[in-house]
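A.B. asks: Dumping the structure here so I can ask a few things about it.
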Amino acid sequence: LPDDWSAWSSLGSLYTVQARLTADPSYYGKADGAFATSLRLRPDDNTGAITGQATLAASRHAFGEALQLTQSVDTKDPYAAGNLGIMVDALVELGRYPEAFTALQRMVDLKPGVASYSRVSYSYELRGDNAGAKFALERALAVAQSPGDIAFAQQYLGELAFNSGDLATAEQHFAAGLE
């Protein structure tokens with residue numbers, strides 16, 4: 001279905017994920033093309049493709065561009081929690097912490113889950129609150145359902161334990177993540 005704008009947007013998102021998983025930047029160009037095709041087919045009311053472009057920009061460390069794209073989506077769909085996640089990431093990377101934490105709270109309010117709790121954990125870590133970071137990751141682990149999300153939460157719980165010198169707990173989390 002070459003005229004399915006939604007499928008093109010989804011394909012772009014999958015290419016972006018594949019780039020991250022394989023560390024192969026050739027997928028970025030494919031993602032770019034898929035998002036462009038989606039927007040050509042449906043230039044209006046296509047927030048999924050614009051959020052995809054923002055994700056791609058953030059992947060390329062073009063955080064200013066990612067922020068602009070997420071802000072444009074936010075004006076059209078303030079309930080898009082996934083878009084808010086990319087906005088939070090861009091704001092954090094640009095050092096705009098108060099704005100990032102405000103957007104993060106909106107994200108948690110809209111869609112509490114692994115993506116939002118993981119970002120909450122990082123926000124605590126940025127402020128030197130390792131107990132808060134651990135608590136938020138434990139919440140992420142509690143709601144995680146996919147093997148990838150469970151492994152992600154376990155790995156970062158292991159990192160927190162390792163960085164605080166608790167090697168036995170770190171080893172337990174790393175082993176659980178590998179399972």
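The values are calculated or read from the model by the stated rules, or taken from the named source; none is laboratory data. Note that the coordinates shown come from a computational prediction; the quantities given were computed from them, not determined experimentally. So basically every Cβ, Gly included, is an ideal-geometry build from the backbone, and we count neighbours across all protein chains shown. Just the protein is used for accessible areas: all its heavy atoms, side chains included, with ligands, DNA and RNA removed. Shrake-Rupley method; radii C 1.70, N 1.55, O 1.52, S 1.80 Å.
A.B. asks: Quick one: putting +1 on the C-beta of Lys and Arg, -1 on the C-beta of Asp and Glu, what dipole do you get for region 42-116 around its Cα centre, in Debye to the nearest 20? Each step should come with its number before you reach the end.
C.D. replies: Numbers: 6 positive and 9 negative charges, 20 e Å.
For this selection, approximately 100 debye.
A.B. asks: Pairs of alpha-carbon atoms within less than 8 angstrom and 6+ residues apart define the contacts here; what relative contact order does the chain have, in percent? Walk me through the numbers on the way to the answer.
C.D. replies: Numbers: 228 pairs, mean separation 20.1, N = 179.
Answer for the chain is 11 percent.
A.B. asks: A further question on this structure: Of Leu91, Leu39, which has the most accessible area and how do the rest follow, probe 1.4 Å? Write down the numbers at each step before the final one.
C.D. replies: Working: Leu91 5, Leu39 35 Å².
Solvent-accessible surface, decreasing: Leu39, Leu91.
A.B. asks: How many Å² of accessible area per residue for the chain, probe 1.4 Å? Can you show the working numbers first?
C.D. replies: Working: 9940 Å² over 179 residues.
Solvent-accessible surface per residue comes out at 56 Å².
A.B. asks: Anyone know which of Gln154, Gln53, Gln18 comes out most mobile in the 10 Å Cα GNM of the chain?
C.D. replies: Of the options given, Gln18 has the highest mean-square fluctuation.
A.B. asks: Just Ser72, Ser38, Ser123 to compare: in a GNM of the chain, with alpha carbon springs under 10 Å, which one fluctuates most?
C.D. replies: Ser72
A.B. asks: With the chain treated as a Gaussian network of Cα nodes joined by springs under 10 Å, which of Thr51, Thr70, Thr169 yields the largest mean-square fluctuation?
C.D. replies: It is Thr169.
A.B. asks: Which of Ser9, Ala103, Gly29 sits farthest toward the positive end of the charge dipole of region 1-128, with +1 on the Cβ of Lys and Arg and -1 on the Cβ of Asp and Glu?
C.D. replies: Ala103
A.B. asks: Here's another thing I want to ask about it. Please compute the modelled spin-label separation between Ala62 and Asp44, points set 7 Å along Cα→Cβ, answer in nm with one decimal.
C.D. replies: It works out to 2.6 nm between the two label points.
A.B. asks: Leaving out ligands, DNA and RNA but keeping every protein chain, what accessible area does Val108 have, in Å² rounded to the nearest 10, with a 1.4 Å probe?
C.D. replies: For Val108, the solvent-accessible surface is approximately 30 Å².
A.B. asks: When we measure straight from the Cα of Lys134, which lysines land under 30 angstrom away, once same-chain ones fewer than 8 places off are left out?
C.D. replies: Partners within reach: Lys111.
A.B. asks: A follow-up question, please. About its Cα centre, how strong a charge dipole does region 69-179 have in debye, to the nearest 20, once Lys and Arg get +1 and Asp and Glu get -1 at the Cβ? Walk me through the intermediate numbers first.
C.D. replies: Working: 8 positive and 14 negative charges, 64 e Å.
Using Cβ point charges on Lys, Arg, Asp and Glu, region 69-179 gives about 300 debye.
A.B. asks: Carbon and sulfur atoms: what percent of the 1.4 Å accessible area of region 1-140 do they account for?
C.D. replies: Numbers: 4000 of 7420 Å².
Here carbon and sulfur together make up 54 percent of the probe-accessible area.
A.B. asks: Report, ordered by chain and residue number, the aspartates and glutamates lying within cross-link reach of Lys76, taken as a straight Cα distance under 15 Å and ignoring same-chain residues fewer than 8 apart.
C.D. replies: Straight-line reach from Lys76, under 15 Å: Asp44, Asp45.
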